[in-house]
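Remarks on the structure that follows.
Nothing in this text is a laboratory measurement; each read-out follows from the coordinates by a stated rule. Here the structure is a predicted model, which means the values were calculated and not measured.
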Amino acid sequence: MIAGQYSQASVKMPHKPEQGSATDGPAQKTTTEFEEGATSLLDGLKLLLKQFRELKEYFSHFVAAKTDRMKLSLRSTVLRLVLAALGFVS
């Protein structure tokens, strides 16, 4: 199947109430869809905010690890320089 094209079996069409139905009026259906959409939108926003907080935490761990690695590299370089200087003096 080519990207962007859907077969008729994969596309689900919403059920439309009959015109003469007294129990399901169009206004009631619209309100329900709006409430469901608002709920799912709110849930989606909560999930997005949670994921951003997790991303911030992962990024802070990443930065801390990189900082520690640079400190260790600098400490190793200084130690080697000191040992080399002591080797030349002896």
Please compute the length gained on full extension between Leu72 and Phe52, using 0.36 nm multiplied by the number of residues separating them and subtracting their Cα-Cα distance. 4.2 nm
Using θ = phi - 60° and the Karplus curve 6.51 cos²θ - 1.76 cosθ + 1.60, what whole-Hz ³J(HN,Hα) does each residue of the stretch 48-61 get, with Gly and Pro shown as x? 4, 5, 4, 5, 5, 5, 5, 4, 4, 5, 4, 5, 5, 5
